[in-house]
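Colleague: One structure follows; several queries about it will come next.
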Amino acid sequence: GTGRGVAPPGAPPGHYWVAGTINNQNAQFLVDTGATSIAMNEGEARRLGIDYRASGTPMMVSTASGTVRSWRVMLNSVKLGGIELLGVEAAVVEGDYPTEILLGMSFLNRVGWREEQGMMYIQAKH
């Protein structure tokens, strides 16, 4: 199983679009090799049925626009191409940031990935 990410035009290095699922709900990810974990805004979390206020651990995160409230949650399943990881840490951020679901290192650390000519290839670690 391999997932393929395509760099959006004008995106900084290490950013790629890739389609997948979270808890079996369709999700579009923006791979961000600079992000610690998967991150999403409250609207996305609600759409995905994540009860972050009940099950999450409150924390503060620093963003470009200041410090905001967020919740650390565990996602049951994150699937990308043919790769499925169970129990992946994520952050749900209060408000509308980030506009995309960021696929950060809490996922990428557990898979193999490489960048090649504006594409990113993600595969299961054997």
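Colleague: So for segment 32-52 (the condition being farther than 26 Å from residue 112 by Cα and polar (S, T, N, Q)), does at least one residue qualify?
Modeller: Taking every residue of segment 32-52 in turn, at least one turns out to be farther than 26 Å from residue 112 by Cα and polar (S, T, N, Q).
Colleague: Sticking with this one: With respect to residue 81, is the statement that it is open to solvent by 30 Å² or more (accessible area, probe 1.4 Å), more than 19 Å from residue 4 (Cβ to Cβ) and in contact (Cβ under 8 Å) with a residue 40 or more places away in the chain true?
Modeller: Here the answer is no, as residue 81 does not meet what is asked.
Colleague: Report, ordered by the first and then the second residue, all pairs with beta carbons closer than 6 Å, sequence separation of six or more or different chains, a first member in segment 12-41 that is of a type in the set (D, E, K, R), and a second member that is open to solvent by less than 60 Å² (accessible area, probe 1.4 Å) and assigned to a loop (DSSP other than H, G, I, E, B).
Modeller: 32/104
Colleague: Quick check, is residue 71 surrounded by 15 or more Cβ atoms within 10 Å (Cβ to Cβ) and either among the small types (Gly, Ala, Ser) or more than 26 Å from residue 126 (Cβ to Cβ) (or both)?
Modeller: Spelling it out, residue 71 is indeed surrounded by 15 or more Cβ atoms within 10 Å (Cβ to Cβ) and either among the small types (Gly, Ala, Ser) or more than 26 Å from residue 126 (Cβ to Cβ) (or both).
Colleague: Taking segment 109-120 on its own, how many of its residues are in contact with a Phe, Trp or Tyr (Cβ under 9 Å, 6 or more places away or on another chain) and under 19 Å from residue 12 (Cβ atoms)?
Modeller: 6
Colleague: Those residues that are open to solvent by 20 Å² or more (accessible area, probe 1.4 Å), more than 15 Å from residue 104 (Cβ to Cβ) and either of a type in the set (Phe, Trp, Tyr) or part of a helix (DSSP H, G or I) (or both), I need them from segment 25-48; list them, please.
Modeller: Matches in segment 25-48: 42, 43, 46, 47.
Colleague: Still on this structure, please answer the following. Restricting to segment 70-124, name every residue that is charged (D, E, K, R) and over 21 Å from residue 24 (Cα atoms).
Modeller: 94, 96, 114, 115, 116
Colleague: Consider residue 86 carefully, then state whether it is touching a strand residue (DSSP E or B) at 6+ places or on another chain (Cβ under 7 Å) and either crowded, with 18+ Cβ neighbours inside 10 Å or of a type in the set (Gly, Ala, Ser) (or both).
Modeller: For residue 86, the condition - touching a strand residue (DSSP E or B) at 6+ places or on another chain (Cβ under 7 Å) and either crowded, with 18+ Cβ neighbours inside 10 Å or of a type in the set (Gly, Ala, Ser) (or both) - is not met.
The values are calculated or read from the model by the stated rules, or taken from the named source; none is laboratory data. Since the structure is predicted, the reported quantities are computational estimates derived from the model, not experimental observations. Counting neighbours? That spans all protein chains shown, and the Cβs are built from the backbone with ideal geometry, glycine included. Quick note on the areas: whole protein, heavy atoms, side chains included, nothing else; ligands and nucleic acids left out. Shrake-Rupley method; radii C 1.70, N 1.55, O 1.52, S 1.80 Å.
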